[in-house]
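A.B. asks: One structure, as structure tokens, below. Some questions next.
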Amino acid sequence: MTVSTVQPSLRPVTEADESFLVALYGSTRADLALLPLDPEQHDVLVRMQYRAQDQHYREQHPGASFEVVEVDGAPVGRLYVDRTDRDLRVVDISLLPEVRGRGMGTALLRRVQDEAAASGRSVSLHVASDNPAAALYARLGFRPVADLGAYRRLEWSAP
């Protein structure tokens, strides 16, 4: 799959996506691999953590769109966006390791920025202070507006 030349598509998350979403979540949590667990215990922990995060997202952002990112019909990530009157909150954007760094995250975030600009809203998100994606957000014009310890809240507004 040549991701750099393919535009990702989005579709709503379904129950059938849970295995993919659990694996995707696990790919974003390298810290869990450092724990002294056997593979079965690790899988149970990742699944439990994923479900807790999913429940939290759905409770805190009941009106959000929860979408799977696909390329050529294959799932490669997720994009969760909560749209309010003033702001488009990127609740989560995650991509599989094999497609990261190929412009897909940029394309997805630019879509959100274009939607916000067209409707006179801002875009906001939270990022862990040590997350390499922070460099992408800075390149796309996101600015820090709050330091929350391990996380920073970033915002973007159309020029």
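A.B. asks: Please get the size of the charge dipole for the stretch 51-159, origin at its Cα centre, with Cβ charges of +1 on Lys and Arg and -1 on Asp and Glu, quoted in debye to the nearest 20.
C.D. replies: 240 debye
A.B. asks: Using a Förster distance of 35 Å, how high is the FRET efficiency between residue 158 and residue 41, based on the Cβ-Cβ distance and rounded to 0.05?
C.D. replies: 0.15
A.B. asks: With runs of 4+ DSSP H residues as the only contributors, calculate the mean residue ellipticity of the chain at 222 nm using -39,500 (n - 2.57) per run, divided by the residue total and rounded to the nearest 500.
C.D. replies: When only DSSP H runs of four or more count, the value is -11500 deg cm²/dmol.
A.B. asks: On to the next question. Please rank 88, 140, fewest neighbouring Cβ atoms within 10 Å first, as an exposure proxy.
C.D. replies: Fewest-to-most Cβ neighbours within 10 Å comes out as 140, 88.
A.B. asks: Which option, (i) 58; (ii) 53; (iii) 62, is the value of percent of Cα pairs over 18 Å apart that was calculated from these coordinates?
C.D. replies: Working out percent of Cα pairs over 18 Å apart from the coordinates points to (iii).
A.B. asks: Just subtract the alpha-carbon distance of residue 151 and residue 115 from 0.36 nm times their residue separation and send over the number in nm, one decimal.
C.D. replies: Stretched out fully, the residue 151 to residue 115 stretch lengthens by 10.4 nm.
A.B. asks: Which one of 21, 41, 93 has its Cα pushed farthest toward the positive end of the charge dipole of the chain, where Lys and Arg give +1 and Asp and Glu give -1 at the Cβ?
C.D. replies: Among 21, 41, 93, the one farthest towards the positive end of the dipole of the chain is 93.
A.B. asks: If you stretched the chain out fully between residue 60 and residue 134, how much longer would it get, using 0.36 nm times the residue separation minus the C-alpha to C-alpha distance?
C.D. replies: Result for the pair: 24.3 nm of gain on full extension.
Bear in mind these aren't lab numbers, they're just calculated from the coordinates by the rules spelled out. Small disclaimer: the values here were computed from a predicted structure and weren't measured. Heads up, the Cβs are rebuilt from the backbone with ideal geometry, glycines too, and the neighbour counts pull from every protein chain shown.
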